[in-house]
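Reviewing the structure listed below.
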There are 2 protein chains.
Amino acid sequence: MTVDTKAPMFERVALVGIGLIGSSLARVIRREGLAREIVVSTRRAETLARARELGLGDAYVQDAGEAVEGADLVIVSVPVGSSGDVAAAIGPHLAPGAIISDVGSVKADVVRQMGAHLPPTVHFVPAHPVAGTEHSGPDAGFAELFENRWCIVTPPAGADEGAVEKLVAFWRACGSKVETMTPEHHDMVLAITSHIPHLIAYNIVGTAADLETVTASEVIKFSAGGFRDFTRIAASDPTMWRDVFLHNKDAVLEMLGRFIEDLFVLQRAIRFGDGDTLFQHFTETRAIRRGILDIGQDTAAPDFGRGPKKS
Amino acid sequence: MTVDTKAPMFERVALVGIGLIGSSLARVIRREGLAREIVVSTRRAETLARARELGLGDAYVQDAGEAVEGADLVIVSVPVGSSGDVAAAIGPHLAPGAIISDVGSVKADVVRQMGAHLPPTVHFVPAHPVAGTEHSGPDAGFAELFENRWCIVTPPAGADEGAVEKLVAFWRACGSKVETMTPEHHDMVLAITSHIPHLIAYNIVGTAADLETVTASEVIKFSAGGFRDFTRIAASDPTMWRDVFLHNKDAVLEMLGRFIEDLFVLQRAIRFGDGDTLFQHFTETRAIRRGILDIGQDTAAPDFGRGPKKS
């Protein structure tokens, strides 16, 4: 068999939602020639017009149902609280044999929400690229977003193997490394690696903003001592994050409970001057950082390499 | 009057402690010609030998008392829990009229610890450069560390104005912006902008390491969703941070109490599905981030500019 290296993986990809993730997908699909045609769809007319100005697709359709007609791959990239509505809107219009996926940061609830509206003639393979920045919208995307980042694919029981393999190949072609797990396990892993970090970052920025004894201007000025890192995370899209917490409630509350318990141990050690407990705790956490650097999931440059460089 | 632009600000600077901050000071003092002679002192023989290999000073003395003899500026850069001992060791050897300062992240307690051992013939002007990275030791320092960062000077009541002005001029020459405040106010400001961020970063990394349902390898792999930012902070020097929490206990417990109260509000909102509270909270925190970017205290590059660049 002759392999045509120019043949795109998909004939028509419909991207429903064109924010940071959707627009990054549009760019990498184009760059890598992964689809013959890219249909861009988003509910807000202004966002769709902006996507057109940016030249992100080949066709621009406000109605999601219309957008997915004839597509052999549909990727829904909307806040997870909207995924059920989107599935209901596109369900009747999906082509038999199409692969339907998403990029939501929550999986079990999204599987339930979307699964209820999708016909048995399509292949539903949810996924979550663990990649992002604090910026939002079609201007914020870039083709390199997924490079060297993990994408977690969570196929439902009995999913078509060919469809799963094709979606995995698609994400690898976007630059991602791919791992497969159950939606439930995904939600536990992400609760601790992403959702709780965002919650406590939002929280400390709120605490700092509400102080009477320290002014906002002082908080801003002297933020280089650690606080500024949290403000970057707390600048992420509020709608997306509201939905994450509402739709991954059980795993988030479980992990948050543990976080608070552990915090009380440190609080007590501070109150009673127990330096050994603090020192031991502060030493053990270094191994995790080393692991992250060892597998190339962060830069080893001091202070993330920002600011004046070492001479 | 002819101004000799080559005349160094100080004749002899003694640096007691040669870690990240001390060694960065050595480098910037040399680069800017701020002292005719730099005496480097540290308790551990190996660290002193390393400082000598790096050529950080003009003289290398293990005994702190001996090191400060004849110095007109002494900067103590040790974990704050050791500052009293260092002051006791150097007190009898200080030259009359010398300026004694430190770089500790805690001020009120350090003022008490050191003040008790310093003779009335010297000028004690504590300071805190709000700058650092997650790395430690004499190899980690660099001359640009203080550029565009704030240094907080906390002169005691009745401090000699000339000495305060000279220390302020010194820090400006090191690249810092300088602000003056009381030790007590400093400790409140830093509790929220630095100490609590470090405590909760250490804490979440510990919580993640102790899970039964999620492996350390998964935490490491999928850390790009937010967690990895916390691991950088939690890689900071354990001795330094143990001492910070033990010696800024009251301000840390006060700020931690507020942080936990606020966290319970978010926890409750998640439990009861109160999306409006979450959304409102997540929106309000963006203003602080904008303030930090506006005054140039962080990079606006997405994701701190790390990883693959936008094309």
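Some notes on this structure:
- Among the residues listed as B:Leu54, B:Leu15, B:Leu48, the single one being in contact with a strand residue (DSSP E or B) (Cβ under 6 Å, 6 or more places away or on another chain), assigned by TED's automatic domain parsing to the domain that holds B:Ala131 and more than 22 Å from B:Thr154 (Cα to Cα): B:Leu48
- Qualifying residue in region A:158-165 (condition: within 14 Å of chain B (Cβ to nearest Cβ) and at negative phi): no
- Condition check for B:Leu73: in contact (Cβ under 8 Å) with a residue 12 or more places away in the chain, more than 14 Å from every other protein chain (Cβ to nearest Cβ), touching a helix residue (DSSP H, G or I) at 6+ places or on another chain (Cβ under 9 Å) and over 22 Å from B:Ser194 (Cα atoms): yes
- Filtering B:Val214, B:Val189 for residues that are aliphatic (A, V, I, L, M) and more than 15 Å from the chain's Cα centre (by Cα) leaves a single hit, B:Val214.
- Pairs with Cβ under 6 Å, 6+ apart, first in region A:83-109 and surrounded by fewer than 20 Cβ atoms within 10 Å (Cβ to Cβ), second acidic (Asp, Glu) and assigned to a loop (DSSP other than H, G, I, E, B): A:His93/A:Glu69
To keep it simple, each residue is scored yes or no on (1) in contact with a Ser or Thr (Cβ under 6 Å, 6 or more places away or on another chain); (2) more than 7 Å from every other protein chain (Cβ to nearest Cβ); (3) crowded, with 23+ Cβ neighbours inside 10 Å.
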site	(1), (2), (3)
A:His247	no, yes, yes
A:Gln267	no, no, no
A:Thr283	no, no, no
A:Gly296	no, yes, no
A:Thr299	no, no, no
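- Only one of the numbered conditions (1) under 19 Å from B:Ile18 (Cα atoms); (2) outside any loop (DSSP other than H, G, I, E, B) is not met by B:Pro92, and that is (1).
- Some residue of region B:120-133 being under 12 Å from the mean Cα position of the chain (by Cα), surrounded by fewer than 23 Cβ atoms within 10 Å (Cβ to Cβ) and either within 14 Å of another protein chain (Cβ to nearest Cβ) or free of Cβ contacts under 8 Å to residues at least 40 places away in the same chain (or both): yes
- Candidates are the residues of region B:134-152 that are outside any strand (DSSP E or B) and touching a strand residue (DSSP E or B) at 6+ places or on another chain (Cβ under 9 Å); the one that is surrounded by the fewest Cβ atoms within 10 Å (Cβ to Cβ) is B:Asn148.
This table checks each residue for (1) hydrophobic (A, V, I, L, M, F, W, C); (2) outside any helix (DSSP H, G or I).
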residue: A:Pro8; (1), (2): no, yes
residue: A:Val13; (1), (2): yes, yes
residue: A:Ile21; (1), (2): yes, no
residue: A:Ser24; (1), (2): no, no
residue: A:Ile29; (1), (2): yes, no
residue: A:Gly70; (1), (2): no, yes
residue: A:Asp85; (1), (2): no, no
residue: A:Ala88; (1), (2): yes, no
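- Unmet criterion (only one of (1) out of contact with any Gly (no Cβ under 9 Å at 6 or more places or on another chain); (2) surrounded by fewer than 23 Cβ atoms within 10 Å (Cβ to Cβ)) for B:His117: (1)
- On the stretch given as region A:191-231, residues that are more than 7 Å from chain B (Cβ to nearest Cβ) and of a type in the set (D, E, K, R) total 2.
- Only one of the numbered conditions (1) part of a helix (DSSP H, G or I); (2) on the phi > 0 side of the Ramachandran plot is violated by B:Gly296, and that is (1).
- Every test in (1) touching a strand residue (DSSP E or B) at 6+ places or on another chain (Cβ under 7 Å); (2) among the aromatic types (Phe, Trp, Tyr); (3) outside the structural domain of A:Ile99 (by TED's automatic domain parsing) is passed by A:Phe230 save one, and that test is (1).
- Residue check for B:Trp150: aromatic (Phe, Trp, Tyr), facing chain A (nearest Cβ under 7 Å) and more than 30 Å from A:Val265 (Cβ to Cβ): yes
- Residue within region A:274-281 that is buried (at least 18 other Cβ atoms within 10 Å of the Cβ), among the aliphatic types (A, V, I, L, M), within 7 Å of chain B (Cβ to nearest Cβ) and within 30 Å of the chain's Cα centre (by Cα) present: no
The values are calculated or read from the model by the stated rules, or taken from the named source; none is laboratory data. All values derive from a computational prediction rather than experimental measurement. Cβ atoms come from the backbone with ideal geometry, glycine included; neighbour counts cover every protein chain shown.
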